[in-house]
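Everything on this sheet refers to the single structure shown next.
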Amino acid sequence: MPQDLIGGLDIGTTKICAVVGEVRENQVDIVGLGCSPTNGGLRKGVVVNIENTVRAIRKAVEEAETMAGCEIRSVYAGVGGGQTKVINSQGIIAIKDREVTPADMERVIDTASTVAIPSDREVIHTLVQEFLIDGQDGIKDPVGIHGVRLECKVHIVTSAATSLNNILKCASRAGLEVNGIALQSLAAGEAVLTDEEKELGVALIDFGGGVTNLAIFAENALRQNFVLPVGGNNLTNDIAVGLPTSLHSAEEIKKHYGCCLNALADPMEMLEVPGLTGRDTQQLPRARLAEIIHLRVAEIINLLGKEVQRARFNHPLHSGAVLTGGTALVHGLPELTAEALQMHTRIGYPVGVGGLIDVIHDPSFATGVGLVLYGFKTQQKAQRKTERWPQGGGWSRGRSDRGLWSRVKKWFREVV
Ligand SMILES: Nc1ncnc2c1ncn2[C@@H]1O[C@H](COP(=O)(O)OP(=O)(O)OP(=O)(O)O)[C@@H](O)[C@H]1O
Ligand SMILES: [Mg+2]
């Protein structure tokens, strides 16, 4: 795989999505995309069948390779929020009345990152929230500032070691090396949010197939991540039971006629709903479908609303809400979310990249495209670091290395 190509692998509950980005003049162009259904390989974001997952990864990667005309050997992969936990930690060092140097900054991050992590969990991100110098908070870049005491607050994102290892195992069996792992919501944020939105405060809601993830970004950092084990698959089940029809027909009907606001469905419009085996096709009003979808979606948004309210205590969310994931395409969802959360809401289509922008114009590709962008940023940071410490100094190592993760583990630091 040439140096200037970056692969992203989104392992979702319903589909695996492989994205290839090419770096040209400091900008990423998307040159390949492949998607394959997981066919029961995952449940609620967790790998439950290795064979099916590996098969889906291979298929998605082959498709992306054909489109890009290259071979993908390494990827940045995503890990779902359901398996992750956040630990807040703080570190403090003395700087003896002089200017803060980059080495001091590294040292204080190291101090803040030194926490006891249970043996069944692995660190995937150390996200710097802010620096404080002599008690003055809200500092994003402390280098060059004069002071005596330097403090740092970090979010340490950990993932269940087993689910992480299963992701690595599937990628490895599909012939891929994993360059790095990112929290899916952090990756999606890279693809759909502007810097201004992240600064002013925004709720990123990923309505996937198996789970719904709420991520709060404010003052340019991820502040909170919350996962509900409910998603588009539940809508399909509700439709299948409520109409009633087969799961396959329910999925098709949802995608073509799905709407979550009665006001948007023409009261006279009738749908042809194939009956279950041996039963006749029935004519049902589209408004009935809207009712079924509305019930479930409203329930999800109300549950998320409580978390959003809690987040608003600490961070005003001036940029409103952004919806990603395939379920974001249900008609009326932005309107319903805007009303329920009392904030401006839009659908998050991947932006900030060039190339096949028409192909990736879909909120369900946000995480895949975001993983490529995350990989690009990570590589840029690593390059800057090498320039600063050509001998490789300045980085401290993490905890004792275990399992497959140890082969790819790097201490990524996302400095605000
Ligand atoms: N046009 C559409 N209208 C309504 N729902 C849709 C549409 N297109 C896709 N979906 C639904 O979106 C869901 C898949 O979304 P997505 O691809 O974001 O999930 P995933 O990443 O595979 O799963 P997860 O993020 O939950 O692990 C499915 O439930 C699918 O039915
Ligand atoms: Mg997803």
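Below are the figures for this structure:
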| quantity | calculated |
| --- | --- |
| Region 1-40: number of residues that are in a loop (DSSP other than H, G, I, E, B) and within 15 Å of ligand 2 (Cβ to nearest atom) | 4 |
| Among residues of region 138-163, those that are more than 28 Å from the chain's Cα centre (by Cα) and more than 14 Å from ASN88 (Cα to Cα), counted | 9 |
| Residues that are closer than 21 Å to GLY81 by Cβ and touching a Gly at 6+ places or on another chain (Cβ under 8 Å), drawn from region 19-41 | VAL19, THR38 |
| Enumeration of residues in region 41-66 that are surrounded by 18 or more Cβ atoms within 10 Å (Cβ to Cβ) and either assigned to a strand (DSSP E or B) or aliphatic (A, V, I, L, M) (or both) | LEU42, VAL46, VAL47, VAL54, ALA56, ILE57, ALA60, VAL61, ALA64 |
| Candidates ALA287, ALA338, ALA263, ALA321 - the one that is more than 26 Å from GLY40 (Cα to Cα), surrounded by fewer than 22 Cβ atoms within 10 Å (Cβ to Cβ) and under 27 Å from the mean Cα position of the chain (by Cα) | ALA338 |
| Residue ID - surrounded by the most Cβ atoms within 10 Å (Cβ to Cβ), chosen from residues in region 205-249 that are more than 9 Å from ligand 1 (Cβ to nearest atom) and acidic (Asp, Glu) | ASP238 |
| Helices (runs of 4 or more DSSP H) wholly inside region 151-245 containing at least 2 residues that are of a type in the set (A, V, I, L, M) and more than 30 Å from LEU289 (Cα to Cα) | 161-173, 184-192 |
| Any hit, region 261-268, residues being within 15 Å of ligand 1 (Cβ to nearest atom), of a type in the set (S, T, N, Q) and closer than 18 Å to GLY332 by Cα | no |
| Of all residues making up region 251-274, the number that are part of a loop (DSSP other than H, G, I, E, B) and either farther than 19 Å from ILE300 by Cβ or in contact with a Lys or Arg (Cβ under 9 Å, 6 or more places away or on another chain) (or both) | 7 |
| Subset tally (residues that are surrounded by 19 or more Cβ atoms within 10 Å (Cβ to Cβ) and either of a type in the set (Val, Ile, Thr) or in a loop (DSSP other than H, G, I, E, B) (or both)) for region 112-144 | 5 |
| Residue under evaluation ALA340, criteria (1) in a loop (DSSP other than H, G, I, E, B); (2) among the small types (Gly, Ala, Ser); (3) out of contact with any Asp or Glu (no Cβ under 6 Å at 6 or more places or on another chain), criterion not met | (1) |
| Check on LYS44, in the same structural domain as ALA171 (by TED's automatic domain parsing), within 12 Å of ligand 2 (Cβ to nearest atom) and charged (D, E, K, R) | yes |
| Long-range neighbours under 7 Å by Cβ, at least six apart or interchain, first residue farther than 9 Å from GLY258 by Cα within region 318-332, second part of a loop (DSSP other than H, G, I, E, B) and within 10 Å of ligand 2 (Cβ to nearest atom) | GLY325/GLY208; GLY326/GLY208; GLY326/GLY209; THR327/GLY208; THR327/GLY231 |
| Which listed residue, of ALA174, ALA240, is without any contact (Cβ under 8 Å) to a residue 24 or more places away in the chain and over 18 Å from the mean Cα position of the chain (by Cα) | ALA240 |
| Test: residue in region 93-102 that is within 16 Å of ligand 1 (Cβ to nearest atom), within 30 Å of VAL128 (Cα to Cα) and among the basic types (Lys, Arg) | no |
| Residue that is nearest to GLN184 (Cα to Cα), among those in region 308-348 that are within 13 Å of ligand 1 (Cβ to nearest atom) and out of contact with any Leu (no Cβ under 8 Å at 6 or more places or on another chain) | GLY325 |
| Selected residue [assigned to a strand (DSSP E or B), in contact with a strand residue (DSSP E or B) (Cβ under 6 Å, 6 or more places away or on another chain) and touching a residue at least 12 places away in the same chain (Cβ under 8 Å)] from ILE72, ILE92 | ILE92 |
| Residues (over 30 Å from PRO267 (Cα atoms) and either within 16 Å of ligand 2 (Cβ to nearest atom) or among the small types (Gly, Ala, Ser) (or both)) located in region 284-337 | ALA311, SER319, GLY320 |
| Residues satisfying the stated conditions in region 349-366, i.e. within 16 Å of ligand 1 (Cβ to nearest atom) and touching a residue at least 60 places away in the same chain (Cβ under 8 Å) | TYR349, PRO350, VAL359, ILE360, PRO363, SER364, PHE365, ALA366 |
| Matching residues in region 34-53 - criterion: being more than 13 Å from ligand 1 (Cβ to nearest atom) and either under 11 Å from ILE6 (Cα atoms) or among the aliphatic types (A, V, I, L, M) (or both) | ILE50 |
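The values are calculated or read from the model by the stated rules, or taken from the named source; none is laboratory data. For clarity, every value in this text was computed on a predicted model and none was experimentally measured. Every residue, glycine as well, gets a Cβ built from its backbone with ideal geometry; the counts of neighbours run over all protein chains shown.
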